[in-house]
Amino acid sequence: MGAKTPNRIRTKLNLEILAYEESPLGLLCLRRRELLSQPGTIVTEVTLDNEFLMSSLYTDSERALAETALDIHAGDALRVMVGGLGLGYTAYESLRSDRVARIEVVELLPQVIAWLRDGLVPLSPELCDEPRLVVTQGDVYGRLAGPPNEPFDLILIDVDHSPDERLGEESLGFYTEQGLRAAQQHLTDDGVLGVWSYEKAHPLPTPCGPSSTKSTSSRSPMTTASSTKAAPTGSFSPAGRQRAGNAITCESWPTRLPRIRYPAEWRSG
């Protein structure tokens, strides 16, 4: 089933529907609205099955995921994998570092990739002009479960709400010792794996082998050396060049707002 709204729709709430379509995860909506409490402030939001997923207004935790991993890894010419494109803030924060040589973003939903390509998200101009970035359509958890090719220095996973609250069952195996051990093979020896969560969940199991694990407060990382690779299902290079990607991983527990249901979130500011 394709897009339900080929043309953008505005509502009396000053809400503009940019995209509204079915996806393998559910009904996906990209919208833009003006905050009632802050006239003139425009935010872009994503909902899934009418539940709040992410917003361009609250990006601190996505940025912190990248910042924390970069703080942990002391190397240069870093190769980074980001699992989940979303609105692009984790990838953008990573690209702000001149220590990052290239980034591959692995995004399951082709609709989300199209939003970036078509200029519908706030960071489209910056990301589409970035030669170090390539966006691949595929399942990042499947990639990490498969045999590795070229290892990543950093792998950043920003897909599920938390290890205990997943968008789908596809990621269930990733949060096990076996899954993390498979992901570890995709990392360089000093690589970092980072996992986003809106709440501090139970600690992830530590894979066997040469890895280090640190557990700190809810906004600090718990890190595990890991890495993964497999053949991509298709790639889009925003700056017009096809690139192979590498990944880093770091596990961090910053805070995201809880999901908000319609129609209350439309009225909230």
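No value in this document is a laboratory result; all are computed from the given coordinates. Since the model is a prediction, treat every value here as computed from it, not as a measurement. Note: ideal-geometry Cβ built from the backbone for every residue, glycine included; neighbour counts use all protein chains shown.
Considering only LEU87, SER124, HIS73, whose Cα is most displaced toward the positive end of the charge dipole of segment 47-142, charges sitting on Cβ of Lys, Arg (+1) and Asp, Glu (-1)?
Sorting the options by dipole projection puts first HIS73.
Using the crude model of +1 on Lys and Arg Cβ and -1 on Asp and Glu Cβ, and no other charge, please compute the dipole size for segment 19-63 relative to its Cα centre, in debye to 20.
On the way: 4 positive and 8 negative charges, 44 e Å.
That gives a dipole near 220 debye.
Tell me, what is the percent relative contact order of segment 28-110, built from C-alpha pairs under 8 Å that lie six or more residues apart? Working shown, then result.
Details: 111 pairs, mean separation 18.3, N = 83.
It rounds to 22 percent for segment 28-110.
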